[in-house]
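This report concerns only the one structure given below.
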Amino acid sequence: MSTSRPAAPPPAGQHTVRRHNSALVLGAIADAPGISRASIAGRTGLTKATVSSLVERMLAAGLVTDSGPARRAGPGRRGAALSLSETGPHGLGVEIGVDYLATCLVDLTGRMRSRLVRETDNRTEPTGRVLSRTARAVRDSLREADTLGVRIGGIGIALPGLVESGSGMLRVAPNLGWRDVDVPGELRARLDLPPLPVLPGNEANFAALAELWAGGHAGLRDYVHVSGEIGIGAGIVVGAELFEGVRGFGGEIGHFSVDAEGPACSCGSRGCLERLAGQEAVLRRAGVPAEGRPSEQLGELVRRLENDDPAALTATASAGRWLGTALSDVVNLLDVPAVVLGGAYARLHPWLVDALTAELRMRVMSAGFSPVRVVRSTLGAEAAVRGAAGSAVRAIVADPESFVETG
């Protein structure tokens with residue numbers, strides 16, 4: 001057996017070091033808007049000269065703004081307050097839903113500048129046609145960015161299925177009938193995109209991250225975010241980090257089999273949660289007519305709930321019980337202290353939360369001394385596309401030197 005050591009990696013060149021240091025500096029500014037150069041040096045361990053040099057490059061590239069004197073406790077000269085630029089590169093979010101397409105633009109500060117939703121039943125169209133329609137939506141957003149006078153720094157794509165983290169391949173989307181689709185590659189083939197990051201991911205994971213970044217839930221760092229539309233997806237956040245499993249396939253709560261004798265599901269199993277507690281199941285049991293757009297049908301359900309319609313109340317409470325059954329297994333396995341209800345569930349929260357909470361109290365082992373907190377999403381239906389755009393923004397902040405070089 002050889003005892004020789006593997007060859008040492010080559011030393012980092014000047015360009016690599018600068019790239020790393022730029023990310024440290026912009027990350028410090030993102031974490032503490034209004035920070036001074038001296039404070040950045042203290043946080044990062046870089047010299048003041050290095051910080052000043054990198055900041056000047058970022059100011060010239062439009063990544064950072066100088067908003068006047070920074071706050072300072074005690075005597076001494078106050079340095080300039082540095083913040084991320086609202087006119088710097090934007091993240092473009094795209095969501096291919098089962099029954100809609102959505103796009104949005106988010107600036108470096110996390111503010112959403114525009115959002116557009118196009119309702120369309122993507123289950124009834126060939127894959128190529130849906131992707132061509134998506135490419136047109138992206139093209140419209142690129143034109144919107146031109147109108148706003150900003151450039152796009154990356155594109156995040158939220159998809160309703162299993163997205164392999166290593167390859168970015170959509171392996172399966174049961175409610176669309178898609179298998180092994182290279183969505184980023186298909187969009188690049190339809191668009192004349194500059195060489196910028198295209199980041200695909202599961203829509204529930206992006207929604208969970210959006211709640212972490214922009215949901216306004218103070219101190220919420222560990223939770224499962226469950227969003228109910230036609231399908232049901234869950235995103236798991238532990239220690240303020242997304243947990244998506246080894247290959248990116250975690251969180252498929254919609255295909256938990258909660259009733260072995262239940263209805264057949266498109267995934268091939270029976271009694272899956274989405275067949276019992278998904279939006280279509282609730283609407284059907286509530287007696288809401290199948291005609292009209294899904295958003296209109298959901299609005300009709302809410303109207304009936306507000307008027308104490310018995311069928312609507314029973315259907316929604318039943319969904320809450322099935323949802324509580326599935327979520328209790330998640331909580332028992334992962335020991336997360338909170339559940340965030342997103343998507344359609346955010347709108348139905350007042351009428352399903354009691355039944356859901358009752359199941360959690362009964363089924364979660366630790367509920368007697370550590371009750372599970374159930375929180376209503378503040379972002380609702382916009383969470384996934386916003387999270388997709390936010391992931392692109394995070395990629396910009398993690399590699400600012402790319403934009404300094406091309407700025």
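The values are calculated or read from the model by the stated rules, or taken from the named source; none is laboratory data. Keep in mind that this is a model prediction, so the values were computed, not measured. When we count neighbours, we look across all protein chains shown, and the Cβ atoms used for this are built from the backbone with ideal geometry, even at glycine. The protein model used for the area step is the full one, side chains on, heavy atoms only, and it has no ligands, DNA or RNA in it. Shrake-Rupley method; radii C 1.70, N 1.55, O 1.52, S 1.80 Å.
For segment 212-284, the solvent-accessible area of protein heavy atoms averages 42 Å² per residue (probe radius 1.4 Å; ligands and nucleic acids excluded).
Taking ASP140, ASP107, ASP192 in turn, the Gaussian network model of the chain (Cα-Cα springs below 10 Å) assigns the largest fluctuation to ASP192.
Let me check I've understood the local charge: for ALA389, count other residues with C-beta under 11 angstrom from its C-beta, Lys and Arg +1, Asp and Glu -1. What total comes out? The partial results should precede the final answer.
On the way: positive: ARG111, ARG113, ARG115, ARG386, ARG394; negative: GLU95, ASP107, GLU382.
Every neighbour counted, the sum reads +2.
Go through HIS15, HIS217, HIS20, HIS90 and list them by solvent-accessible area, largest first, probe radius 1.4 Å.
Solvent-accessible surface, decreasing: HIS20, HIS15, HIS217, HIS90.
Computed from Cα atoms, the angle from the helix 127-148 axis to the main principal axis of the chain rounds to 40 degrees.
Carbon and sulfur together cover what percent of the accessible area of segment 72-175 at a 1.4 Å probe radius? Answer for segment 72-175 is 47 percent, counting heavy atoms of protein chains only. Across segment 307-318, coupling constants 3J(HN,Hα) worked out from phi with the 6.51/-1.76/1.60 Karplus curve, θ = phi - 60°, read 9, 6, 5, x, 5, 5, 5, 5, 4, 6, 5, 4 Hz, and Gly and Pro carry x.
The modelled label-to-label distance for the pair ARG303/THR87, using points 7 Å beyond Cα in the direction of Cβ, is 4.5 nm.
If you bin the C-alpha pair distances of segment 111-236 every 5 Å from 0, what whole percents do you get? For segment 111-236, the pair-distance distribution reads 2, 9, 17, 21, 22, 16, 10, 3, 0. With the biggest extent put first, the Cα atoms of segment 311-407 measure 58, 33, 16 Å across the principal axes.
Note on SER132 and ALA398: their simple-model spin labels are 3.4 nm apart, each label 7 Å out from Cα toward Cβ.
Counting only alpha carbon atoms, the long axis of helix 48-61 and the longest principal axis of the chain meet at about 60°.
Rounded to the nearest whole Hz, the Karplus-based 3J(HN,Hα) values (6.51 cos²θ - 1.76 cosθ + 1.60, θ = phi - 60°) of segment 287-296 follow the sequence x, 6, x, 6, 6, x, 6, x, 5, 5, with x at glycine and proline. Amide H contacts of GLY250 (H built 1.01 Å from N, in plane; Pro and chain starts excluded): GLY245 sit under 5 Å, all sequence-distant by 5 or more or on other chains. Protein heavy-atom accessible surface, 1.4 Å probe, per residue over segment 61-200: 45 Å².
So, in Å, what gap is there between the alpha-carbon centers of segment 248-275 and segment 132-197? Using only Cα atoms, the two centres lie 27 Å from each other. Given their separation in residues at 0.36 nm each and the Cα-Cα distance between them, LEU59 and PHE369 gain 106.4 nm when the chain is fully extended. Over the chain, the alpha carbon radius of gyration divided by the compact-protein estimate 2.2 N^0.38 Å works out to 1.08.
Antiparallel versus total DSSP beta bridges in the chain: what percent is that, nearest 5?
65 percent
Compare ARG376, ARG347, ARG293 in a GNM of the chain, Cα atoms joined below 10 Å, and give the one with the largest fluctuation. Ranking ARG376, ARG347, ARG293 by mean-square fluctuation puts ARG293 first.
In this structure, the amide hydrogen of VAL172, modeled 1.01 Å from its nitrogen in the peptide plane, lies closer than 5 angstrom to those of LEU162, ASP180, counting only residues at least 5 positions away or on a different chain. Proximity of backbone amide H atoms, modeled 1.01 Å from N, is registered between VAL198 and ILE155 at under 5 Å, excluding neighbours fewer than 5 places apart on the same chain.
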